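Heads up, the thing below is written out as structure tokens.
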Amino acid sequence: MSGLTRREFLGSSAAAAAAAAATSGGLLVGCTSAPAAESSVPGGAALGPWIQITPDGRVLVWADKVEMGQGTMTGYATLVGEELDLDPARIEMIHPGVDARFGFQNTGGSDSLASSWLPLRESAAKARARLEVAAANRLGVSRDELSVDDGRVVHAGSGRSLGFGELANEAAALAEPRDVVLKSPDQFRFIGRERPRVDAAPKVRGAAKYGLDVRVPGMRHAAIVRPPRRGDRVERFDAAAVLGMPGVTDVFEISSGVAIVATGTWQARRAAAALPITFARGEGPRPDSVEIRREQDRLLSEESGRAARDEGDVEDALASSEQRLDVRYFTPHQAHAAMEPLNCTIIPQSDRVDVHLGTQGPTAAQDIAAHILGRSREDVFVHTAFLGGGFGRRVFPDVVVECAEVVKHTNAPIQLVWSREDDTGHDFYRPATGHRFRAGLAADGAITAWDHTLVAPSLIPSMGEDIAGAFGPEWMRGFLNAAGGGLAKVLPRLVGPIMALEGASDQPYAAGSVRVASVLHDPGVRVGIWRSVGHSNNGFVVESFVDELAHAAGDDPLEFRRGRLSEHPRHLACLALVENKANWGAPAPGRHQGVAVYESFGTVVAHVAEVSVAGSRIRVERVTAAVDCGRAVNPDIVRAQIEGGTNFGLTAALKSAVTFRDGAVVESNFHDYAMLRMNEAPEIEVHIIESDAAPSGVGEPGTPGIAAAVANAVFAATGKRLRELPLRLDA
Amino acid sequence: MTIAFKLNGEAVSLDVEPELPLLWAIRDELGLTGTKFGCGIGQCGACTVQLDGRPVRGCLTPISSAEGRAVRTIEGLDPNGRHALQRAWVELSVPQCGYCQSGQLMSAASLLGANPEPSDLDIDAAMSGNICRCGTYGRIRAAIHRAAEIVREEEGVS
Ligand code: FES
Ligand code: FES
């Protein structure tokens, strides 16, 4: 219901103005008299930054962390509903525009619920306190004689009650209390309960609006033809050859390629395919996956890297070990492949610009559009639609740059839609990485030395180069301005090898000496953040290598882990739970098990994968997972996210990789960049550890460990250790 | 050329190029946006609609082939959005990002239409053309079984 809310809200708030605009030939969306995007609702009384209540009693909550499938809207509604004692299903969720009251708006790092757990509940509790005081004043009773029930403040003694809507204005006029007592867990009615998603209903009726679904009278559709190789430039193109095609209205160059504008998406796309165009070779490197792999291998042989962790003397310990292992792992580039191809719709008017898109970072979108279109930021209104998947891709605003450039040229409402080929070929890819592990084991199986060197690029130079190159300096300025204070928070995660090291430098296993080091190697691929980021690679390599140690020690892989995690009770609890639920050690006939346990974003997940192998074919039959994410605000959404994260990781484990050849991406669409499908999806069972701790994220932690669990099961089945993704037995 | 067909039970006619894919006719010409674009080459199923009750990929189906036939999109699956599949989908919280789900539901509706009690293998066969990048496959499978059960229960009652 709440998913529709935004539309209904737009409809109601702007209805009169829109009707006027429509009859006068104006625009239906973003009509001139509309207030600042979706930052307020007419007549709504603001009770803190997130909550507004209308006179007719609607409770609206702004989801400043966007809904991209991870369940943020349901989580927000649950936290607010809990403190207001209001059924979360009755709360209407809205994506805000860019709004100072939310600071730097960016959704990622699996922190939406973790970061709002206290502030949002406090804000709701303060709203409730003000509603109660307003009611006490009105009824002439003391506040502690009042209770709240289903959107009303009730005075049980007299049987009188007042609706939230009747009280909202008076409540908003009261000073916000400084301190407030939150509900204690034993008072929770909604938190911790299985509850339906608030955005499910519109999503099963085709009514949920994604960026791609924006429709404005007079809107035209754009497609971009880009050089297939990053750094190459458009040399010449023959606009006349396609300008005669039905529906095509404009053909012109923008910073990233050639834009084709037409009356329909398909007409633009057809002309893009037909456009005669040549590209000039750029100066930059031409990455090639075979060479990247070779170079990583060389670096692992020759460089010891910069140590991020250095405890004890690894070389000494290795020398005196009973057994020594020295192995290498490699992971390829991956694309995000969100189901909704990137898109952006910009509607320019004389006094305002409306930008519609599904984005993880609306602040950057606003600043970029303002910059390119020469408007002030205050005149640019970003409308965040539902995201048809994000996974880190929708943090990057390149599609806004392109769309704004097309609008600058045409001064018309434009919807730019990327093709799947654009999406696969022009991503900010998960980096390919190389890893060398050396370890020693004592006669009793203790790990005497753990030495992990990894080769990976940093995310910043790659982004910086694009910023300076393809998108022009405005992009950089825009992004930095938009990031403002928030950048200070974001930058450390983006800089240097930090992200490549997450999960590696803090690997949890007890060892006599530990060294974890990184070698920076940038092959010139545009890289970015991909669901679980550095963890997505390190979950595979660390948890596979531990498995190798277990087998070398002649120990059961789960027992071996348990023996070296005594300082990590949450890992131990997850292992114990998954051991029990998966029937560890007793797989179904013809099946083999592998285990992994891995912490990311404050959440620990243990996976047991049960696989069968026929010839070279690996089939994952069943996955059992145990998760400790602190208190589960909605256990069903926790399970859904671990299920989804696991399947996401399985695609990378089993199905696909992005390959560079002479600078261009070989894969283009789902026929050669294949996704896990229904007939390959395992049965997944997720079990949640009971916890009183504050919630940690669940959007990403399902992904990192599963590739290792599968590889470890394949080893159990075949005795073959697969050290490269995607896992291939015929290699 | 003018092409006349039924869209969710209503007669419509369009004056468009005959090769225009049904997907874009529905989205760009007729303004129904529940049907999604995912790949454009028949690989993902996001654009699935029914043509005379059978599932087709809207991105590969020229509008000319809809002439005189009945097209059903997610918006027309049930007048009140209360098809057994839609109810089961909500009950089991199937959607995550939700983008693929219109196509999933139209494929599932075609399956249930032809086979009211599908086995897991039937589901694999009917649903493997629909990609869900959010990985909701297990729930889709469970929801199809649940919808079949809802239909049985309601038929049993009536
Ligand atoms: S868009 Fe038609 S099958 Fe993917
Ligand atoms: S729910 Fe997101 S792609 Fe299926």
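Side notes on the structure shown:
- Test: A:N679 is open to solvent by 40 Å² or more (accessible area, probe 1.4 Å), at the interface with chain B (Cβ under 10 Å from one of its Cβ atoms), assigned to a helix (DSSP H, G or I) and at pLDDT 95 or above: yes
- Residue pairs meeting the criteria (Cβ under 6 Å; at least 6 apart or on separate chains; first open to solvent by less than 10 Å² (accessible area, probe 1.4 Å), in region A:401-418; second in a loop (DSSP other than H, G, I, E, B)): A:V401/A:F471; A:E402/A:S256; A:Q415/A:M219; A:W418/A:P341; A:W418/A:L342
- Residue in region A:651-668 that is touching an Asp or Glu at 6+ places or on another chain (Cβ under 6 Å), within 11 Å of chain B (Cβ to nearest Cβ) and part of a loop (DSSP other than H, G, I, E, B) present: yes
- Residues that are touching a residue at least 24 places away in the same chain (Cβ under 8 Å), in a loop (DSSP other than H, G, I, E, B) and more than 7 Å from chain A (Cβ to nearest Cβ) within region B:7-34 comprise B:N8, B:G9, B:V16, B:P18, B:E19, B:L32, listed in sequence order.
- Residue, nearest to the other protein chains (Cβ to nearest Cβ), within region B:111-150, restricted to residues that are touching a Gly at 6+ places or on another chain (Cβ under 7 Å) and surrounded by 20 or more Cβ atoms within 10 Å (Cβ to Cβ): B:G135
- Qualifying residue in region B:48-60 (condition: open to solvent by less than 10 Å² (accessible area, probe 1.4 Å), within 14 Å of the chain's Cα centre (by Cα) and more than 16 Å from ligand 1 (Cβ to nearest atom)): no
- Check on A:A708, modelled with pLDDT of 95 or more, buried (at least 20 other Cβ atoms within 10 Å of the Cβ), away from chain B (no Cβ under 14 Å) and part of a helix (DSSP H, G or I): yes
- Sub-8 Å Cβ pairs linking a first residue in region A:713-731 that is at pLDDT below 95 to a second residue that is among the polar types (S, T, N, Q), at least 6 apart or interchain, are A:D730/A:S616, ordered by first then second residue.
- Pick from region A:415-436, criterion more than 18 Å from the chain's Cα centre (by Cα) and assigned to a strand (DSSP E or B), ranking: nearest to the other protein chains (Cβ to nearest Cβ): A:V417
- Some residue of region B:79-96 being without any contact (Cβ under 8 Å) to a residue 60 or more places away in the chain, away from ligand 1 (no atom under 16 Å from the Cβ), of a type in the set (D, E) and open to solvent by less than 30 Å² (accessible area, probe 1.4 Å): no
- Complete set of residues in region A:200-220 that are more than 7 Å from every other protein chain (Cβ to nearest Cβ), under 22 Å from A:G75 (Cα atoms) and of a type in the set (D, E, K, R): A:K209
- Scope region B:105-134; condition within 12 Å of ligand 1 (Cβ to nearest atom) and under 20 Å from B:H83 (Cα atoms); matching residues: B:M106, B:S107, B:N130
- All positions within region A:348-362 that are over 23 Å from A:V395 (Cα atoms) and of a type in the set (S, T, Y): A:S350
- Checking A:E291, A:E253, A:E235, A:E194 one by one, the residue that is within 14 Å of chain B (Cβ to nearest Cβ) and either at pLDDT 95 or above or in contact with a helix residue (DSSP H, G or I) (Cβ under 6 Å, 6 or more places away or on another chain) (or both) is A:E194 and no other.
- Scanning region B:37-47 for residues that are more than 7 Å from every other protein chain (Cβ to nearest Cβ) and either more than 7 Å from ligand 1 (Cβ to nearest atom) or buried (at least 24 other Cβ atoms within 10 Å of the Cβ) (or both) returns B:G45, B:C47.
- Between A:G484, A:G425, A:G503, A:G496, the distinction of being at pLDDT below 95 and more than 26 Å from A:V542 (Cα to Cα) belongs to A:G484 only.
- Flag if A:R298 is open to solvent by 50 Å² or more (accessible area, probe 1.4 Å) and under 30 Å from B:L32 (Cα atoms): no
- Identity of the residue in region A:331-364, assigned to a strand (DSSP E or B) and within 13 Å of chain B (Cβ to nearest Cβ), that ends up farthest from A:R220 (Cα to Cα): A:Q334
- Here B:E154, B:E117 are screened, and the one residue that is over 16 Å from the mean Cα position of the chain (by Cα), in a helix (DSSP H, G or I) and among the charged types (D, E, K, R) is B:E154.
- For region A:509-552, taking the residues that are open to solvent by 40 Å² or more (accessible area, probe 1.4 Å) and part of a loop (DSSP other than H, G, I, E, B), the one that is farthest from A:F660 (Cα to Cα) is identified as A:G512.
- Test: residue in region A:208-217 that is in a loop (DSSP other than H, G, I, E, B), at pLDDT below 95, among the aliphatic types (A, V, I, L, M) and surrounded by fewer than 22 Cβ atoms within 10 Å (Cβ to Cβ): yes
- If you go through region A:604-646 and keep only what is among the charged types (D, E, K, R) and buried (at least 24 other Cβ atoms within 10 Å of the Cβ), you end up with A:E610, A:D628, A:R639, A:E643.
- Residue satisfying condition, being in a strand (DSSP E or B), outside the structural domain of A:G43 (by TED's automatic domain parsing) and touching a Gly at 6+ places or on another chain (Cβ under 8 Å), within set A:V251, A:V234: A:V234
- Against the test of being open to solvent by less than 60 Å² (accessible area, probe 1.4 Å), touching a residue at least 60 places away in the same chain (Cβ under 8 Å) and within 12 Å of another protein chain (Cβ to nearest Cβ), the options A:A223, A:A259 yield a single qualifying residue, A:A223.
- Unmet criterion (only one of (1) part of a loop (DSSP other than H, G, I, E, B); (2) surrounded by 24 or more Cβ atoms within 10 Å (Cβ to Cβ)) for A:D692: (2)
- Residue satisfying condition, being away from ligand 2 (no atom under 16 Å from the Cβ) and closer than 26 Å to B:I150 by Cα, within set B:G42, B:G76, B:G68: B:G76
- Residue in region B:97-110 that is away from chain A (no Cβ under 12 Å) and within 16 Å of the chain's Cα centre (by Cα) present: yes
The values are calculated or read from the model by the stated rules, or taken from the named source; none is laboratory data. Just so we're clear, the structure is a prediction, and the values are computed from it rather than from any experiment. Here Cβ is always computed from backbone atoms with ideal geometry, including for glycine, and neighbour counts include all displayed protein chains. Just so you know, the surface numbers come from the protein's heavy atoms only, side chains and all, with ligands and any DNA or RNA stripped out. Shrake-Rupley method; radii C 1.70, N 1.55, O 1.52, S 1.80 Å.
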